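Below: the structure, in structure tokens.
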Amino acid sequence: MTTGLGCDGDSISTTAATLPSIEDVVMGAIPGLPKVHLHNPVLAYEVGDDFMKFWHAAAEGRLEPFVLVLEGSVPNEKIKKEGYWAAMGTDPDTGQPITTNEWIDRLAPKATAVIASGTCATYGGIHAMEGNPTGAMGLADYLGWNWRSKAGLPIVNVPGCPVQPDNMMETLLYLLYQVAGLAPLIPLDNELRPTWLFGKTVHEGCDRGSYYEQADFAHEYGSPKCLVKVGCWGPVVNCNVTKRGWMDGIGGCPNVGGICIGCTMPGFPDKFMPFMDEPPGATFSSSVIGPYGRLIRMLRAITNRAVNKEPRWRHPRPDLTTGYKPKYYAHQRG
Amino acid sequence: MPEVLTTTKRGTSAPGGNIVEMNWDPITRIVGSLGIFTKINFDTKKVVECYSTSSIFRGYSIFMLNKDPRDAHFITSRICGICGDNHATCSCYAQQMAYDVKPPPLAEMIVNLGEAAEYMFDHNIFQDNLVGVDFCEMMVKETNPGVWERAQKTEAPHAKDHGYRTIADIMRALNPFEGEFYRETLQVSRYTREMFCLMEGRHVHPSTLYPGGVGTVPSIQVFTDFLVRLTKYAEFMKRCLPLHDDLFDFFYQALPGYERVGERRILLGCWGSFQDPYKCDYKYETMNDWGKAMYVTPGVIVDGKLVTNNLVDINVNIRILLGSSYYEDWAENGNGEVFVTHDPLGNPIDRRHPWNQTTIPKPQKRDFAGNYSWVMCPRWLDNRTGDHLALDTGGGPIARLWSTALSGLVDIGYVKAPGDGSVRIRLPKTATKPEVEFTWRIPKWSNALERDRARTYFQAYAAACAYYFVEKAMAEVHAGRTQTFTPFKVPKEAIGCGFHEAVRGVLSHHLVIRNHKIANYHPYPPTPWNATPRDIYGTPGPYEDAVQNTPIFEENGPDKFKGIDIMRAVRSFDPCLPCGVHMYLGNGKVLKKMHTPTGLAGLSK
């Protein structure tokens, strides 16, 4: 369901996945998976009522089993007298739109598993920013953090703004394996994220991290060095984008020159704004590492110069100076 | 024009006939949520009336207030999940004007390359994975068996270019997931996004864009990696473009009169794309000059004639009307503040201009006789007539090509607008195909098929431009000019505006800074233009009147009706509705109700 307060970016992102791709799953290319039917408004063949019939069937318990994937934050429809913030389809009885929240209420109790895809659905994200008019929140804020599906599964959160394509499809694949009885309960952390994807920080996977170690910082955005002093939050953000890249290892964030703005985090965006200012913690840690980093950098430069020179015995002269003493052939000096 | 569709006539009865209420909610295979409510006369085979309403409100212009203006591009990217980078780019343009900073040429080329990749990706996935399904075997068999019969017997004129012998073979290749061309384009949509990521870090919310430049490391590797993928895309386009020409030409032959599907008056807007870094300094005072130097020329086109290609004129005459949307007016009742009375050139700025807009949401029941949409009504004031024109973008490409062709200013070798009503697109030799020149000519109609056709041509246009940008970027690197960022300071008070082409058409961002904070920010993406409800003058939005004019060619009667001609009309605009739209057609005498007709209850008096 893509009708939370979102941008459809998570569905679009998921079409970029290759490990596995949507068509790998839909067409049954992966062994062991049950036959999967995808009902996503961005890709569906059906339109209007023909499309909605699957949703009504699921709500009435006539579509079993199913996994509900939500994209977009959940608005608070209780803060106003009438109207709607987000909706999908029209209620045949009232002629009014059916709110997204109503759909969650109808579908969540019937779903085998529920996935929140992207930071809006997981924690509220951009649309839940301070000063927002809709009272937006994440799915777990709405259903409750201890919510369990009828099969006993907690909500599975795959944050990211948007979700990293392969993170989403890999998680979906895991859950499908689990539903098919081929995998144990999905390992999640306290924020309901798959541990193998979000257990490490951006900085721990960043190929610019060694600049930090050497206290060699970028002071403007065009630099290839560590970006913490110009706004990168990588050292404290749970995300694997620097390891995984964005698509098949290409792109990413600080590894390719984009400051980490913490877009996978429950505190996003407010706790990271203004994005382009140095994070408060970085001021302290980058000055502490200064003396050590500069010393290490200097020593490494010396060693680097040394290892940039070839050993002395590689030469065209008529004498062998490698240390080997040939018995028969070499000219001897003098 | 839709004379039966003015608000004053709402609720009256149309002449009798087999009129049936129908709705499709949501419309799938677009971005965002859109519903269509229609009344169709099955005797005359015509759509009777159409309204459009949005189903989501998020409130960007509200929660951006008092934030640091440098956060604007990060935040506004999240408006859209398929072209967020267009927003980020446009926001950087607006910020650069406000901060009076000009990025180094290399940074501009990197942004141009990223945006070109976005066009290549986005049009590609939409055309063949979303719109294409409306033309696939499954769909055509279901809606027009006669057309399918004919397709099997019709040889594809460009078979030797694309490899499909008959039109039916093309349609089969477009079947979702099963079709070969469908799967190929999904794959193409991936390597084009890799091209995008090489330049802007991540798709769809870029990581490496900043006001003042980019963080992308301008290595030889990054441009080589881009170029190699670009050549694959060019090779693909040499098959893809003739394939679509064959498909769309076939519909004109097979269904005489099909040019009227989705047709509306020619009212097109294009705000220009791809900055020329050697001309653009982001100063408002020189915007007319650097706007005309863009590699896609801005323009307002009325009845096929160019009214202006001056970005200052375009800017000054934008108006935001309320009409049938869920907001309170800011220009009356002392609700809103006037932030900008005159632009930097001394032109007066209207209270209903985006610089002076205040967003006051007022959620309420959907009432088709009253307010029914979260979308406001952007209009362009034609000073010659005093009309508030409901310009459309035709999904982007048709307006861009039309505007570029009429101005005749672009000439970069790979792309040329000679001023004769055409645009020439040259794709160099690729692995198995020789150099090819494609010519797009101004069509007779602004209709569904021509919007779709222009999309394919613009894919080639973007690829051809990308060849030019790669050459320019490499030349900068070879010359040792590898700076990609210019430092700046946020002024205490400033205004700025950015003009760009989102994939689906016109995009503007208007920014007011006070006390180093955002005092006002209003983005206007293409979909509010295309999806507007009726405005205070009763003028319907572009989807509304395009659908209302659509004749029905589908062979199914009301019982199995798919509404395929309406779907083709709507999807030709490439609706992108995280800003949300529903459409509604009413005003006829209801003889029979189907689907969820109570949606129209408000009108049946």
*Select from the stretch B:364-382 the residues that are modelled with pLDDT of 85 or more and surrounded by fewer than 20 Cβ atoms within 10 Å (Cβ to Cβ) and list them in ascending order.*
B:Gln364, B:Lys365, B:Leu381, B:Asp382
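Would you check which residues across the stretch B:98-124 are of a type in the set (A, V, I, L, M, F, W, C) and buried (at least 24 other Cβ atoms within 10 Å of the Cβ) and list them?
Within the stretch B:98-124, B:Ala98, B:Leu106, B:Ala107, B:Met109, B:Ile110, B:Val111, B:Leu113, B:Ala116, B:Ala117, B:Met120, B:Phe121 meet the criteria.
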*asked:* Which of the numbered conditions does B:Thr231 fail, given that it passes all the others? Conditions: (1) among the hydroxyl-bearing types (Ser, Thr, Tyr); (2) within 14 Å of another protein chain (Cβ to nearest Cβ); (3) in a helix (DSSP H, G or I).
replied: (2)
_Options A:Cys239, A:Cys232, A:Cys226, A:Cys263; residue that is more than 8 Å from chain B (Cβ to nearest Cβ), over 22 Å from B:Phe485 (Cα atoms) and buried (at least 17 other Cβ atoms within 10 Å of the Cβ)_ = A:Cys239
*Filtered residues of the stretch A:60-84 (kept if surrounded by 17 or more Cβ atoms within 10 Å (Cβ to Cβ), hydrophobic (A, V, I, L, M, F, W, C) and out of contact with any helix residue (DSSP H, G or I) (no Cβ under 7 Å at 6 or more places or on another chain))*: A:Val69
*Enumeration of residues in the stretch B:450-474 that are aromatic (Phe, Trp, Tyr) and more than 29 Å from B:Pro104 (Cβ to Cβ)*: B:Tyr457
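Tally up the residues in the stretch B:421-436 that are surrounded by 12 or more Cβ atoms within 10 Å (Cβ to Cβ), of a type in the set (D, E, K, R) and more than 22 Å from the chain's Cα centre (by Cα), please.
Residues flagged as surrounded by 12 or more Cβ atoms within 10 Å (Cβ to Cβ), of a type in the set (D, E, K, R) and more than 22 Å from the chain's Cα centre (by Cα) within the stretch B:421-436 amount to 3.
For the stretch B:179-214, which positions are part of a loop (DSSP other than H, G, I, E, B), over 22 Å from A:Val163 (Cβ atoms) and within 8 Å of chain A (Cβ to nearest Cβ)?
Within the stretch B:179-214, just B:Gly212 meets the criteria.
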*Residue check: is B:Asn41 modelled with pLDDT under 95 and surrounded by fewer than 24 Cβ atoms within 10 Å (Cβ to Cβ)?*
yes
*asked:* With the requirement that a residue be β-branched (Val, Ile, Thr) and modelled with pLDDT of 95 or more, what does the stretch B:186-216 give you?
replied: B:Val188, B:Thr192, B:Thr208, B:Val214, B:Thr216
*Return yes or no: is B:Tyr252 modelled with pLDDT of 95 or more, surrounded by fewer than 20 Cβ atoms within 10 Å (Cβ to Cβ) and among the aromatic types (Phe, Trp, Tyr)?*
yes
*B:Glu501 being modelled with pLDDT of 95 or more and closer than 30 Å to B:Gly419 by Cβ*: yes
*Among the residues of the stretch A:1-27 satisfying the criterion of being within 25 Å of B:Met195 (Cα to Cα) and hydroxyl-bearing (Ser, Thr, Tyr), which is surrounded by the most Cβ atoms within 10 Å (Cβ to Cβ)?*
A:Ser13
_Matching entry among B:Val147, B:Val140 (being among the β-branched types (Val, Ile, Thr) and either under 28 Å from B:His87 (Cα atoms) or more than 14 Å from chain A (Cβ to nearest Cβ) (or both))_ = B:Val147
*the stretch B:322-336, subset in a loop (DSSP other than H, G, I, E, B) and touching a residue at least 60 places away in the same chain (Cβ under 8 Å), residue surrounded by the fewest Cβ atoms within 10 Å (Cβ to Cβ)*: B:Leu322
*Mind telling me which of the residues A:Asp207, A:Asp189, A:Asp248 ends up being surrounded by fewer than 19 Cβ atoms within 10 Å (Cβ to Cβ), at the interface with chain B (Cβ under 9 Å from one of its Cβ atoms) and among the acidic types (Asp, Glu)?*
A:Asp248
*For B:Phe57, work out the one condition from (1) at pLDDT below 95; (2) in contact with a helix residue (DSSP H, G or I) (Cβ under 7 Å, 6 or more places away or on another chain); (3) not polar (S, T, N, Q) it doesn't fulfil.*
(2)
*Might you check whether a residue that is more than 19 Å from the chain's Cα centre (by Cα), among the acidic types (Asp, Glu) and either in a helix (DSSP H, G or I) or crowded, with 17+ Cβ neighbours inside 10 Å (or both) occurs anywhere in the stretch B:261-275?*
no
*asked:* Would you confirm whether or not the stretch A:12-30 contains a residue that is of a type outside the set (S, T, N, Q), more than 24 Å from A:Trp246 (Cα to Cα) and either more than 7 Å from chain B (Cβ to nearest Cβ) or in contact (Cβ under 8 Å) with a residue 40 or more places away in the chain (or both)?
replied: yes
*May I ask you to say which residue of B:Val222, B:Val261 is at pLDDT 95 or above and in contact with a strand residue (DSSP E or B) (Cβ under 9 Å, 6 or more places away or on another chain)?*
B:Val261
*asked:* Among (1) closer than 24 Å to B:Gln127 by Cβ; (2) not in a loop (DSSP other than H, G, I, E, B); (3) not aromatic (Phe, Trp, Tyr), there is one condition A:Lys53 misses while meeting the rest; what is its number?
replied: (1)
_Count - residues of the stretch B:483-520 that are buried (at least 24 other Cβ atoms within 10 Å of the Cβ) and in a loop (DSSP other than H, G, I, E, B)_ = 3
*Quick one: count up the residues across the stretch A:51-73 that are within 27 Å of B:Arg58 (Cβ to Cβ), of a type in the set (Asp, Glu) and more than 11 Å from every other protein chain (Cβ to nearest Cβ).*
0
*Identify, from the list A:Ala183, A:Ala215, the residue that is over 22 Å from A:Gly281 (Cβ atoms) and touching a helix residue (DSSP H, G or I) at 6+ places or on another chain (Cβ under 7 Å).*
A:Ala183
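Just the residues that are closer than 17 Å to B:Ser403 by Cα and among the polar types (S, T, N, Q), please, taken from the stretch B:281-295.
Matches in the stretch B:281-295: B:Asn288 only.
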*Select from the stretch B:416-475 the residues that are outside any loop (DSSP other than H, G, I, E, B) and of a type in the set (D, E, K, R) and list them in ascending order.*
B:Lys416, B:Arg424, B:Arg426, B:Glu437, B:Arg441, B:Glu450, B:Arg451, B:Asp452, B:Arg453, B:Arg455, B:Glu471, B:Lys472
*asked:* Whether any residue in the stretch B:354-362 is over 27 Å from the mean Cα position of the chain (by Cα), under 15 Å from A:Trp85 (Cα atoms) and part of a loop (DSSP other than H, G, I, E, B) is what I want to check.
replied: yes
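Taking the options A:Ala87, A:Ala44, A:Ala17, A:Ala57, name whichever one is of a type in the set (Gly, Ala, Ser) and out of contact with any helix residue (DSSP H, G or I) (no Cβ under 7 Å at 6 or more places or on another chain).
A:Ala57
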*With respect to A:Glu71, determine if the residue is within 21 Å of the chain's Cα centre (by Cα) and not hydrophobic (A, V, I, L, M, F, W, C).*
yes
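The values are calculated or read from the model by the stated rules, or taken from the named source; none is laboratory data. Just so it is clear, the structure is predicted and the values come from calculations on it, not from any experiment. As a convention, Cβ positions derive from the backbone with ideal geometry for all residues, glycine included, and neighbour counts pool all protein chains shown.
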